[in-house]
Amino acid sequence: MTLQHPPRTAVRLSSTTWRARAARGLPDDVRGPAVDPAALGVGQVHLGIGAFHRAHQAVCTEDAAAATGETGWGLLGVTQRSPRVAEQLRPQDGLYGVLTVGADRTSLRVVGSVRDVAYPGRDTARVLDTIAAPTTHVVSLTVTEKGYRRRADGGLDVDAPDVAADLAAARDELRGPSEAAARTPIGMLVRGLVRRHRTSPAPLTVVCCDNLTDNGAVLAGLVVRALAAVPGSDDVAAWVATSVRFPATMVDRIVPATTDAHRAEAAGLLGLHDEALVVGEPFFQWVIEDDFAGPRPAWERAGATLTGDVAPFERAKLRILNATHSALAYHGALRGHATIAEAVADPDLEALARALVDEDVLPTLVAPPGTDLGAYRDEVLHRFANPRTGHTTVQVAMDGSQKLPVRLLGTVADRLAAGAVPHAAARAFAGWVAYVRAATAGDLVVAGRPVTLDDPLAGVLADAVAGPDPVGRVFALRDVVPEPVASSTAFRDAVTAALRDLTPAPAAP
Ligand code: CS2
């Protein structure tokens, strides 16, 4: 049976329709906000209000508020380049559903912690005012790897026109409010910090929730670099050094793109149409460095772990979960598998994922306290196998040039430093090169649909893989393959050999 998008006449979720719905009684598998949304004031600004944040931190923030009874932890969510999420959430008074799809149970929860949504193209002034407000204590981010605008050496790309425009606006902001629309998340953050310093320099905590190694320190470094490029901002930089904290975090929940079938399923449970629905697996993990400049939601009362050292959790998650995810996505798509669940059910690909972890990743890791990494690997593969998630290989395959250096090449560098050639990691990397080549040549069809390359470096990559030595040309891209991996002949040869195995031999004449 094909589930259809609910009819346009279905009543839309909003605070009024939700109240009426709840008054009629809810089925066991549907629940409402844990707090009264109307009673919440904004205490946190979130940059990058995509599906991941709404299915992860926004839920935890609401549960933390419910656990303590505090009413100051509502969220102002900020979109990135498009107003779409604002247009989905505003007519719904910020309410949205999270459809949790377990292998054998589905449930729906309406979340009310997002109290306001802003689109930088229109609402930059409001976002800056809210970052500066003394009632705001936390700014958090999920803007994806590419959102940080890092150069190959990890520094901020201050010469990129949009970053430069934001830094010029930050300079204006030193003298008074600059209302120019922010063009990058880092620009929005830095301008917000300048405004806060100018107006009410209360301490602030900036929580990076993206899949980057040492994400807190990385973000702090980008802010410092940005301010160094803003003449006259020394006082702001000194205040940031003393009064703004950047804890590291590890976030984990598989959040596939919402489909019409999900919307229809949610509408069936809720009896209301939800344009802002997000979907997640049952698993949830959030490990946060306990390093805050001021108040924070009591996230530890809502399932998060506050700890002194996030690094072992973050390394294990990036190198086991995210790296095998990518390997399954590229190799899976090349074999025509539409979903990660189908890919991991393919015995060859499950063997590749296990080899990657067992041979190359585990020797580079220190187990986080209380964690058995073998059991963690099995749990991850079990989560991937959940057929209800519907997470597509093509979704995970996106932005490989930004993701692989973080999730795979650290493992490679560590293995090479230990004198080993990481052959399983080479196979994973070769899968990406083959995927890029097939997608840019127009040769990749998954589930009957042609796949094009979705990557900020798509043009450069297409050029690199079109010629006779794709691996050598990709290794020459310093934005993608940094030293010392780039100069390892052994690793390059292993990738070349693995790519050869992935390339069908030309048909006999
Ligand atoms: C995935 C992640 O799309 C991807 O690159 O590997 O989004 C993954 O689902 C999350 O990190 C899980 O926490």
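No value in this document is a laboratory result; all are computed from the given coordinates. The structure presented is a predicted model; accordingly, all values stated were derived computationally and were not measured. Every residue, glycine as well, gets a Cβ built from its backbone with ideal geometry; the counts of neighbours run over all protein chains shown.
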For region 396-407, in residue order, the Karplus 3J(HN,Hα) values (coefficients 6.51, -1.76, 1.60; θ = phi - 60°; whole Hz; Gly and Pro = x) are 5, 5, 4, 6, x, 5, 8, 8, 5, x, 7, 8
A chain fully extended from Val11 to Arg500 at 0.36 nm per residue, minus the present Cα-Cα distance, gains in nm 170.6 nm
If each K or R counts +1 and each D or E counts -1, the residues other than Gly308 whose Cβ falls under 11 Å of its Cβ total -4
In nm², the average projected area of the convex hull spanned by the Cα atoms of region 77-124 is 3.9 nm²
Scaled by the rule-of-thumb 2.2 N^0.38 Å, the alpha carbon Rg for the chain gives a ratio of 0.98
Residue-normalised 222 nm signal for the chain, counting each DSSP H run of n ≥ 4 as -39,500 (n - 2.57), nearest 500 deg cm²/dmol, is -13000 deg cm²/dmol
In whole Hz, the Karplus estimates of ³J(HN,Hα) for region 66-74 (6.51, -1.76, 1.60; θ = phi - 60°; x where Gly or Pro) are 5, 5, 9, x, 5, 10, x, 10, x
DSSP beta bridges in the chain: the antiparallel percent, rounded to 5, is 35 percent
Residue span Ala39 to Ala23: 0.36 nm per residue of separation minus Cα-Cα distance leaves a gain in nm of 3.9 nm
Magnitude of the Cβ-charge dipole (Lys and Arg +1, Asp and Glu -1) of region 311-500 about the Cα centre, nearest 20 debye, reported as 100 debye
In nm, the gap between the two label points placed 7 Å beyond Cα toward Cβ at Arg81 and Arg301 is 4.1 nm
Scoring only Lys, Arg, Asp and Glu (+1, +1, -1, -1) among other residues with Cβ under 9 Å from the Cβ of Ser326 yields +2
Ordered by fewest other Cβ atoms within 10 Å, a rough proxy for footprinting exposure, Glu281, Glu314 read Glu281, Glu314
A correct Karplus calculation of ³J(HN,Hα) over region 325-341, with 6.51 cos²θ - 1.76 cosθ + 1.60, θ = phi - 60°, whole Hz and x for Gly and Pro, returns 4, 5, 4, 5, 5, 5, 5, x, 4, 4, 8, x, 6, 7, 10, 5, 4
Listing Arg126, Arg492 by rising number of other beta-carbon atoms within 10 angstrom, fewest first, gives Arg126, Arg492
For 53-65, 232-244, ranked highest to lowest by mean beta-carbon neighbours within 10 Å, the order is 53-65, 232-244
Scoring only Lys, Arg, Asp and Glu (+1, +1, -1, -1) among other residues with Cβ under 11 Å from the Cβ of Ile186 yields +2
